[in-house]
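Input: a single structure, listed below in structure tokens.
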Amino acid sequence: MDTLSDVNRQTVRSQLHQFSVPLSATRRGARLARLLAAEQLCSWGLPVDPARLVVAELAANAVLHGRVPGRSFRLTLSVAASGTLRVEVADTRGDHLPAPARGDIETPAESGYGLLLVEELADRWGVRSGPVPCKTVWAELDFAPLR
């Protein structure tokens, strides 16, 4: 039976790259998340788009809907050997879980389409609660396996 330490070592070995940074929960922080993600993806030799758009939407949502005054949000990017890029944005509003807008087609809303865009661009996405008071919204994009 694997111990938690064994599982952690296996997880680290299966990840080729990882980047994580706290950012201010402001429009400037959301913009910086997008710019840092693009720079990091370039340095890893991965395509910038559509991942940059996914990061932009998740960071904007963290600033608009997950902001707690005085608290930051965290951007984490990781790439597995399988070629899967995982984007995670964690904020401190665990009580406010996101759901994609499913508005009335007759009267479309002016906003609320960010997660629909993420759903369309990413291969998978979801929300993980905790540790209290946090939540993490994540998205995965599958690229060719890396060596």
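Just so it is clear, none of the values below were taken in a lab; they were calculated from the coordinates. The shown structure was predicted, so the numbers you read here are calculated from the model rather than taken from an experiment. Virtual Cβ from ideal backbone geometry, glycine too; neighbours counted across all protein chains shown.
Computed from the C-beta positions of V132 and S82, the FRET efficiency with R₀ = 25 Å rounds to 0.20. Spacing of the modelled spin labels on A144 and E119, each 7 Å from Cα toward Cβ, amounts to 3.1 nm.
What ranking, highest mean first, results for peptides 44-50, 77-83 when packing means the other Cβ atoms within 10 Å averaged over each residue? Walk me through the intermediate numbers first.
Working: 44-50: 13.4, 77-83: 17.4.
Order by mean packing, descending: 77-83, 44-50.
Using 1/(1 + (r/R0)^6) with R0 = 22 angstrom and r between the beta carbons of D95 and L32, what's the FRET efficiency to the nearest 0.05? Let's see the in-between values first.
Values: r = 26 Å, r/R0 = 1.17.
Calculated value: 0.30.
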